[in-house]
Amino acid sequence: MALITGIIIQDIIHPTWMIAGLLAATGACLFLFYQLLPVTKKFRFRKAAGIAVHLLILSAGMTSFYLHEWQNRPNWLGNHYHPGDTLIAVLQEPLVEKRRSFKALTTITHVQQPGAGKVNRWKKVQGDVLLYFKKEDLHHGLVYGSQLLLYKTLQPITNDARAGFDYRKYCASQGIHYQAFLSSHDYELLNNTLAEPVTNMLFRVRDFVIHTFRTYINGHTEAGVAEALLIGYRNDLDKELMQSYSNTGVVHIIAISGMHLGMIYGLLVFLLKPLRAVPAIGRIAPLLVFCTLWGFSLLAGAGASILRSAVTFSFILVGDLMGKKGHSLNSLAASAFCLLVYNPFFLWDIGFQLSYSAVLGILLFLQPLYKSIHFENKLLDQLWKLHAITLAAQILTFPLLLYHFHQFPTLFLFSNFFAVPLSGLILYGCLFLLLVAPLPVLASCTGKIICWLIFQLNTLITRTDNIPFAVIHNLDPGLWQTIVLYGCIAALAWWLMHRKPQGLLWAMVCLVLLPLFRLLSLVL
């Protein structure tokens, strides 16, 4: 929480780096003062050590955000670029086909500003740009790592007035501030390429997966779902079908998340279990699981939600190698800490927020929910546990769904009850298809089974979406209403789980504040 507080303070107030330094120095002095105290007085001043550590971490959050802000980097593109400058760009991904163009994320490496001579005019810079190439004017040979000489003036990314989504802010959090729409005369393809070997290998593996699915899974829609479900490739996914997944509350199935990594983790643990019987080889099993999980995370695009799972599982595996068992909440908090130190902009990533809120909800509320109803029948007990997991995940994600997407799926329990197990079968089937891809007959049979399963899943989702009350639209809580809603949830949980009457009182206060904040938002 101290790290998050430091990030938010830096984002809102934008103090100079000297403030963070002053806080860090204060924390260090306070901690040194505590360490130099005699043992007889340390108990009396025991809070000083905690305050010192929190000040140090808060200043670390402020410093991390300051260093990650692009305008504070000396070589950032925006600090050196002027309209009319010639640029050198490197493609960071293969071309993605759109309806009228091809899109690619590129990095600007050099800017050439007009001057009297041609010597020492190139300035080394860094900045990501979205480039759109007209289909009719596309040069052949544009691949990952291609270098381009750009003559077109870059345009700042703006928001669409008709859309409610802040696209400019989203791109800025990814380090993207400019875009350009290119014709054939706006750029020149250079001869040499700059491709990272590891990234190039990941793109080759992704192309193999896509080619395998398109070959053996009949139906463009079904193949698109398989690609999105396994590796997060959404370019072949039907837009209307994706909206149906969102409306029914199961979009997490086709958005690579911790659920996918958890399934793969469970499969790997099961397959490698015989190795643990051999002492000399048993230590290798966690390392194999570690490498496989991170390889899959990178292949799936290394989004914030899947990185959360990868880091959390990494802590579990490290503890396994050390022969120790960690606490789930500690592992979750440690993974969030590491990711926010690596990139503080993850804090505003919707996938990051939903992923951590869902897992935190499961860890906090699953057992109380599950134990609240008891079934003697084992089948009914397992069915209730599945529903309890879905409910626990929704408790803390519910306010975020309203805040970001302004809608709520009313039938999420029904759709998740069938869709989650079915998507698990499809995921394992897709992995098996990749293993048997060199055997055309077996791969063809596997592909037909996967195609049938995906068709059934899509039919279930679309028919559920067609129910009139499947989703409630036009819900638009503001930031303060969302905060008050979380306060209401916390107060109710305090009352129900700990039998504290004060919790019910605070929950009633929050319920009164909700319409008041709504009224203020309408007036102001």
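The values are calculated or read from the model by the stated rules, or taken from the named source; none is laboratory data. This structure is a prediction, so every number in the text was calculated from the model and none was measured. For neighbour counting, all protein chains shown are included, and Cβ atoms are generated from backbone atoms with ideal geometry for every residue, glycine included.
Key figures for this structure:
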read-out: Count of segment 438-483 residues which are among the aliphatic types (A, V, I, L, M) and assigned to a helix (DSSP H, G or I); value: 12
read-out: When residues of segment 208-247 are limited to those that are farther than 18 Å from Leu299 by Cβ and small (Gly, Ala, Ser), the one modelled with the highest pLDDT; value: Ser244
read-out: Close pairs from segment 364-387: first closer than 27 Å to His327 by Cβ, partner of a type in the set (D, E, K, R), Cβ under 6 Å, at least 6 apart; value: Tyr370/Lys385
read-out: All positions within segment 344-353 that are touching a residue at least 60 places away in the same chain (Cβ under 8 Å), part of a helix (DSSP H, G or I), of a type outside the set (Phe, Trp, Tyr) and within 24 Å of Ser246 (Cβ to Cβ); value: Leu347, Gly351
read-out: Complete set of residues in segment 6-29 that are touching a Leu at 6+ places or on another chain (Cβ under 7 Å) and under 10 Å from Leu58 (Cα atoms); value: Gly6, Ile7, Leu23, Ala24, Gly27
read-out: Contacts under 6 angstrom Cβ, first residue in segment 7-33 being of a type in the set (Ser, Thr, Tyr), partner in a helix (DSSP H, G or I), 6 or more apart; value: Thr26/Leu55
read-out: Pairs with Cβ under 7 Å, 6+ apart, first in segment 412-436 and in the same structural domain as Val225 (by TED's automatic domain parsing), second among the aromatic types (Phe, Trp, Tyr) and modelled with pLDDT of 90 or more; value: Leu433/Tyr216
read-out: Filtered residue count, segment 473-517, keeping only those that are over 30 Å from Lys371 (Cβ atoms) and either aliphatic (A, V, I, L, M) or crowded, with 16+ Cβ neighbours inside 10 Å (or both); value: 8
read-out: One residue from Arg499, Arg463 being basic (Lys, Arg) and under 18 Å from Phe408 (Cα atoms); value: Arg463
read-out: Residue match in segment 124-138 (condition: in a strand (DSSP E or B), under 18 Å from Asn192 (Cα atoms) and not assigned by TED's automatic domain parsing to the domain that holds Arg206); value: yes
read-out: Meets criteria (over 24 Å from Leu413 (Cα atoms), crowded, with 16+ Cβ neighbours inside 10 Å and not assigned by TED's automatic domain parsing to the domain that holds Leu516) for Thr446; value: yes
read-out: Of residues in segment 79-94 being under 21 Å from Ala195 (Cα atoms) and either hydrophobic (A, V, I, L, M, F, W, C) or not in a loop (DSSP other than H, G, I, E, B) (or both), the one nearest to the chain's Cα centre (by Cα); value: Leu91
read-out: Failed item in (1) at pLDDT 90 or above; (2) surrounded by 17 or more Cβ atoms within 10 Å (Cβ to Cβ), with Ser101 passing the rest; value: (1)
read-out: Leu460, sole failed condition from (1) at pLDDT below 90; (2) touching a helix residue (DSSP H, G or I) at 6+ places or on another chain (Cβ under 9 Å); (3) over 16 Å from Glu227 (Cα atoms); value: (1)
read-out: Some residue of segment 95-107 being touching a strand residue (DSSP E or B) at 6+ places or on another chain (Cβ under 7 Å), within 25 Å of Leu194 (Cβ to Cβ) and not in a strand (DSSP E or B); value: yes
